[in-house]
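Working notes, beginning with the structure itself.
The values are calculated or read from the model by the stated rules, or taken from the named source; none is laboratory data. Nothing here was measured: the structure is a model prediction, and the numbers come from that model. Don't worry about glycine lacking a Cβ; one is built from the backbone with ideal geometry, like all the others, and counts go over all protein chains shown.
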Amino acid sequence: MYSRVRGILIKEFLHIARDPRTLVVVLLMPVVQLCLFGYAINTVVDHMALVVDDEAHDAQSRALIEALQNSGYFDVAEQTESRGAAITAINAGEARVGLVIPPDFGADLARGEQAQAQLLVDGSDPNVAQTATFAASMVVQARSAGLVTTAIHRGIDLRPVVLYNPRMLSVMFMVPGLIGLILQFQTLLLTAFAIVREREQGTLEQLIVTPIRPWELMLGKLLPYCVTAFASVTLALAIGRLIFGVRVAGSMPLLVVLSIVFLLGSLGVGLLISTVTQTQRQAQMVAQFILLPAMLLSGFIFPREGMPWIVQQIGLFIPLTYFLQILRGVVLKGIGVDLLWPEIVPLAIFSLAVFALSAVRFRKRLG
């Protein structure tokens with residue numbers, strides 16, 4: 001068994017080595033994407049989920065919360081009991097922004113003093129962070145102007161705190177997303193192409209009549225592209241670290257394990273494509289039909305909060321949507337399974353189900 005799998009592995013690596021142009025594209029793609037997306041993408045959103053820690057519970061604090069919600073930029077998602085609980089909600093992805101109002105907020109305004117409030121912003125997405133900071137500042141300035149005209153001589157001092165990405169650099173947002181995009185693109189597209197190419201050339205039928213078992217053939221066909229994908233991811237992480245200073249804040253073993261879970265789903269989709277197409281052109285068209293919506297609707301480029309509700313629901317059926325939350329949670333926020341399980345569970349269900357289905361169909365086609 002070992003020698004048969006080794007033969008398929010060597011064969012696939014030789015295919016890769018004999019096509020240097022494809023190999024160069026595969027290895028340089030993360031570099032080019034990192035530079036392009038890291039500097040070029042810039043979007044804004046509204047209706048951001050806001051978690052509130054209102055320790056004052058007075059008319060002035062309620063008026064401030066209402067003003068933020070009425071602006072259209074914020075939707076109050078939850079009321080918490082402490083600043084730590086608000087940060088936990090942001091870590092878990094339940095909110096993008098937190099507002100902390102101290103107990104003496106209304107009393108300070110009533111005495112004509114300046115009242116302070118703190119805005120906690122999820123800086124893992126700089127577009128959201130910039131929009132949230134700007135919008136909240138505008139609302140507070142308008143609110144302060146209104147207070148001055150009602151004989152309260154000093155307004156509100158809102159102090160934004162940007163978490164995870166204080167300088168709000170776009171590259172901090174793009175590097176984790178590129179990991180997911182690279183894993184999906186290379187495993188899905190290259191796997192489908194490799195198997196369809198064998199069918200076009202007639203060599204797949206030659207492999208079928210050999211003593212090799214279907215699962216051995218599948219393992220030998222898939223493993224080289226897994227190795228290539230992880231090599232590209234390693235290169236992207238290295239470039240992000242050396243050039244842009246993006247460090248993995250969380251657990252690297254956890255990131256690897258969850259990447260493998262996502263990888264299973266991408267490999268499964270690639271195998272499915274290979275079972276429903278006969279030519280490489282057909283495989284390319286089907287792959288693009290899958291990859292383009294995944295890139296646009298998953299939150300890789302455009303924040304999902306800015307999408308219509310129905311589009312957000314469609315995005316929930318895209319595995320990359322969950323994997324991007326996992327990547328940014330581990331790489332930027334340093335959080336673990338305790339906060340990531342709402343993303344891990346649906347991702348694991350999809351990946352295992354699709355890979356199992358594709359493996360069964362692939363073996364039937366070989367039979």
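When segment 338-367 is limited to residues that are among the β-branched types (Val, Ile, Thr) and exposed (fewer than 15 other Cβ atoms within 10 Å of the Cβ), the one that is farthest from Pro126 (Cα to Cα) turns out to be Val360. Restricting segment 290-325 to residues that are of a type outside the set (A, V, I, L, M, F, W, C) and buried (at least 21 other Cβ atoms within 10 Å of the Cβ) leaves a set whose member that is modelled with the lowest pLDDT is Gly299.
In this structure, is Phe262 outside any helix (DSSP H, G or I) and assigned by TED's automatic domain parsing to the domain that holds Cys226? When the stated conditions are applied, Phe262 does not pass them.
Residues that are acidic (Asp, Glu) and surrounded by fewer than 20 Cβ atoms within 10 Å (Cβ to Cβ) number at least 2 in the following strands (runs of 3 or more DSSP E) confined to segment 42-142: 74-79.
Hey, any hits in segment 350-364 for a residue that's within 28 Å of Ala132 (Cβ to Cβ), outside the structural domain of Phe74 (by TED's automatic domain parsing) and touching a residue at least 24 places away in the same chain (Cβ under 8 Å)?
Taking every residue of segment 350-364 in turn, none turns out to be within 28 Å of Ala132 (Cβ to Cβ), outside the structural domain of Phe74 (by TED's automatic domain parsing) and touching a residue at least 24 places away in the same chain (Cβ under 8 Å).
For segment 305-324, the set of residues classified as in contact (Cβ under 8 Å) with a residue 24 or more places away in the chain and in a helix (DSSP H, G or I) consists of Glu305, Gly306, Pro319, Leu320, Thr321, Tyr322, Phe323, Leu324, listed by residue number.
Residue count for segment 157-179 under the criterion of being modelled with pLDDT of 80 or more and in a helix (DSSP H, G or I): the result is 8.
Which of the numbered conditions does Arg154 fail, given that it passes all the others? Conditions: (1) modelled with pLDDT of 80 or more; (2) surrounded by fewer than 19 Cβ atoms within 10 Å (Cβ to Cβ); (3) closer than 17 Å to Ile101 by Cβ. Here Arg154 clears every test but (1). The one condition from (1) over 21 Å from Val162 (Cα atoms); (2) within 12 Å of the chain's Cα centre (by Cα); (3) surrounded by 23 or more Cβ atoms within 10 Å (Cβ to Cβ) that Arg328 does not meet is (1). Is it true that some residue in segment 277-292 is part of a helix (DSSP H, G or I) and within 30 Å of Val76 (Cβ to Cβ)? No: zero hits.
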